[in-house]
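Asks: Next up is a structure, given as structure tokens.
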Amino acid sequence: YLQPVLFSFEWSLAQAFMSEGVLPKAVIGHSLGELVAACIAGVFSLEDGLMLAARRGAAMQACQDVRGAMFALRASRAEVEARICAMGLSGEVAVSASNSPKSCVVSGSLPVVMTFVKEWDICYCQLRVSNAFHSKHMQDATSPMDAALHLVSSWTAPSISMASTLTGEMVSDAICSNVYWKRQILSPVLFSEGLQSLVARERISTFLEIGPGEAITKMVREHDCLTVECKSTIRGGENSIECFESALLGFWR
């Protein structure tokens, strides 16, 4: 139930900002957040977005054929891919997320990934997840996801600019297709590449993280190559209403 809950929270939070006049010029989303971003951009309706989030969560959670694991590493995507190749682990360990030039996430079966990070002797953190998301281990989720995608009432091209974290580029008409969203659960989240494409295209200097925590804000701030600011909305251990009001006031000063 986590994915539909997160979708509902993030969509509602975005609506709260927009009702106060803070309107997005462009959107980008990380993993499930890309569904929310697409919904905000008008690719599909709220009802369809909620349905997809619920079906996506159930389909991905059901992939329990292997003991998958994910580890966050302090290294770039290029560094990690080169190391995987050098250790002869292509096909067993894969990059699941490219978060910034300084961090990414790898996935695979737990014993293999654990061996990979320990033999490399790199700073790492095992993520508290039930499986290896955004990897080939999600293959069994594609059929139920395809069935859910066929229930979408209508697809519409984004009404505002949107970067794809599937391709790392600005979105094309492909985002309005079943193929895109099935690939999205199997493929790495190219957040860093998408962010850089968005900044280059739209010259955006300020981002607002719509969601709980500050994970995306930290990712954006790790892009020393970009001159951008990112504001978080809800911060752990702080009053949520005060956090929202502070973020909102920051746009009107």
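Asks: Take residues that are more than 19 Å from Ala141 (Cβ to Cβ) and of a type in the set (D, E, K, R) and tell me which of the helices (runs of 4 or more DSSP H) falling wholly in region 23-131 contain 3 or more.
Replies: Here the list reads 77-86.
Asks: A follow-up question, please. Is it the case that region 45-57 has a residue that's surrounded by fewer than 21 Cβ atoms within 10 Å (Cβ to Cβ), modelled with pLDDT under 95 and either within 19 Å of the chain's Cα centre (by Cα) or farther than 30 Å from Pro111 by Cβ (or both)? Step through it out loud before you land on a result.
Replies: Filtering region 45-57 for residues surrounded by fewer than 21 Cβ atoms within 10 Å (Cβ to Cβ) gives 45-48, 50-51, 54-55, 57.
With the extra rule that they be modelled with pLDDT under 95, the set shrinks to 57.
Narrowing the set further to residues that are either within 19 Å of the chain's Cα centre (by Cα) or farther than 30 Å from Pro111 by Cβ (or both) leaves 57.
Checked against the condition, which is being surrounded by fewer than 21 Cβ atoms within 10 Å (Cβ to Cβ), modelled with pLDDT under 95 and either within 19 Å of the chain's Cα centre (by Cα) or farther than 30 Å from Pro111 by Cβ (or both), region 45-57 yields at least one hit.
Asks: For the subset of region 187-237 comprising residues that are within 15 Å of the chain's Cα centre (by Cα), in a loop (DSSP other than H, G, I, E, B) and aliphatic (A, V, I, L, M), which member is surrounded by the fewest Cβ atoms within 10 Å (Cβ to Cβ)?
Replies: Among residues in region 187-237 that are within 15 Å of the chain's Cα centre (by Cα), in a loop (DSSP other than H, G, I, E, B) and aliphatic (A, V, I, L, M), the one surrounded by the fewest Cβ atoms within 10 Å (Cβ to Cβ) is Leu190.
Asks: Among the residues of region 1-22, how many are part of a helix (DSSP H, G or I) and surrounded by 15 or more Cβ atoms within 10 Å (Cβ to Cβ)?
Replies: Number of matching residues: 11.
Asks: Mind listing whichever residues of region 19-37 are over 21 Å from Arg201 (Cβ atoms) and either small (Gly, Ala, Ser) or modelled with pLDDT of 95 or more (or both)?
Replies: Those that are over 21 Å from Arg201 (Cβ atoms) and either small (Gly, Ala, Ser) or modelled with pLDDT of 95 or more (or both): Ser19, Gly21, Ser31, Leu32, Leu35.
Asks: Is one or more of the residues making up region 30-38 more than 23 Å from Ser240 (Cβ to Cβ) and in contact (Cβ under 8 Å) with a residue 12 or more places away in the chain?
Replies: yes
Asks: Any chance region 134-152 includes a residue that's part of a strand (DSSP E or B) and either touching a Lys or Arg at 6+ places or on another chain (Cβ under 9 Å) or of a type in the set (A, V, I, L, M, F, W, C) (or both)?
Replies: No, there is no match, as no residue in region 134-152 is part of a strand (DSSP E or B) and either touching a Lys or Arg at 6+ places or on another chain (Cβ under 9 Å) or of a type in the set (A, V, I, L, M, F, W, C) (or both).
Asks: Looking at Glu119, is it more than 17 Å from Ile185 (Cα to Cα), surrounded by fewer than 15 Cβ atoms within 10 Å (Cβ to Cβ) and either more than 16 Å from the chain's Cα centre (by Cα) or of a type outside the set (Gly, Ala, Ser) (or both)?
Replies: When the stated conditions are applied, Glu119 passes them.
Asks: Which of the following residues is within 23 Å of Ile28 (Cα to Cα) and either aliphatic (A, V, I, L, M) or surrounded by 19 or more Cβ atoms within 10 Å (Cβ to Cβ) (or both): Ser100, Ser177, Ser172?
Replies: Ser100
Asks: Ok, one more. Restricting to region 161-185, what's the tally of residues that are touching a Ser or Thr at 6+ places or on another chain (Cβ under 6 Å) and of a type in the set (Lys, Arg)?
Replies: Looking only at that region, the number is 1.
Asks: Could you tell me how many of the residues in region 156-182 are at pLDDT 95 or above and either of a type outside the set (A, V, I, L, M, F, W, C) or in a strand (DSSP E or B) (or both)?
Replies: 16
Asks: Out of Gly108, Gly88, which single residue is more than 24 Å from Ala37 (Cβ to Cβ), among the small types (Gly, Ala, Ser) and in contact with a Ser or Thr (Cβ under 9 Å, 6 or more places away or on another chain)?
Replies: Sole residue among the options that is more than 24 Å from Ala37 (Cβ to Cβ), among the small types (Gly, Ala, Ser) and in contact with a Ser or Thr (Cβ under 9 Å, 6 or more places away or on another chain): Gly108.
Asks: What's the number of the only condition in (1) out of contact with any Lys or Arg (no Cβ under 9 Å at 6 or more places or on another chain); (2) closer than 23 Å to Ala97 by Cα; (3) surrounded by fewer than 17 Cβ atoms within 10 Å (Cβ to Cβ) that Ser240 fails to meet?
Replies: All conditions are met except number (2).
The values are calculated or read from the model by the stated rules, or taken from the named source; none is laboratory data. Only a predicted model underlies this, so the values are computations on that prediction, with no experimental measurement involved. All Cβ positions, even for glycine, are placed from backbone atoms using ideal geometry, and neighbour counts span all protein chains on display.
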